[in-house]
Amino acid sequence: MVWNPGDNMRLFRQLSLYMALTLGANAAFAIDPATLETLRDGDMKKLVVHTAPQPVSGAAFQLADDAGTATLADYKGKIVLLNFWATWCAPCRAEMPMLSELQTELGGDDFEVLTLATGRNSPTGIQKFFDETGIDNLPRHQDPKQAVAREMAILGLPITVLLDREGAEIARLRGDAEWNSESAKSIIRALIEAK
């Protein structure tokens, strides 16, 4: 067998993923997952709460207005509701005002709604989408090559992922939902209070 220099990089990536999975599997929730389960009602019944925190992507995404790049690790320290969406997605259009309302009511040092347009979404198209839906308080960040989405197994849109203060995925909801519902707010408040 001939060793290829690319094999080193593949081995490094596999070891990194293995370590991340191992560390994620050993991490503990700040709040009992069963508590979150009891708060689910209505659309929030679609929220799948993991039995253990899961690792997330380390890939960079583009910040709005050509402000550079960031990673999900940059949001550690706060609860994050990460919403994967696209300008062409009708359910995304329906739920974006609800995400905006959630950010208005609960956003701050402890919680943030992070919207990430995945795939081909031009900055102009994103701004038009936000203008048409009356959104002025959510980020217009992009994952144009779907690096973050691919590493997090995002299949279909919208998909919303809840991240704990350590930056690990603790729950996932496929499809749109009423993120301004009392159930959604109760879940977010419980996570914020579980420091």
Would you be able to tell me the number of residues in the stretch 65-88 that are part of a helix (DSSP H, G or I) and buried (at least 17 other Cβ atoms within 10 Å of the Cβ)?
2
Quick one: which of Ala64, Ala59, Ala70 is in contact with a His (Cβ under 8 Å, 6 or more places away or on another chain) and over 15 Å from Ile126 (Cα atoms)?
Ala70
The one condition Leu39 fails out of (1) more than 13 Å from Ala171 (Cβ to Cβ); (2) modelled with pLDDT of 95 or more is (1)
Within the stretch 69-83, is there a residue that is more than 13 Å from the chain's Cα centre (by Cα), closer than 16 Å to Met152 by Cβ and of a type in the set (A, V, I, L, M)?
yes
Single residue of the stretch 42-65 satisfying the filter (among the charged types (D, E, K, R) and either in contact (Cβ under 8 Å) with a residue 12 or more places away in the chain or in contact with a strand residue (DSSP E or B) (Cβ under 9 Å, 6 or more places away or on another chain) (or both)) that is farthest from Ala171 (Cα to Cα)
Asp65
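The values are calculated or read from the model by the stated rules, or taken from the named source; none is laboratory data. This one's a predicted model, so the numbers in the text were calculated from it and none came from an experiment. Cβ atoms come from the backbone with ideal geometry, glycine included; neighbour counts cover every protein chain shown.
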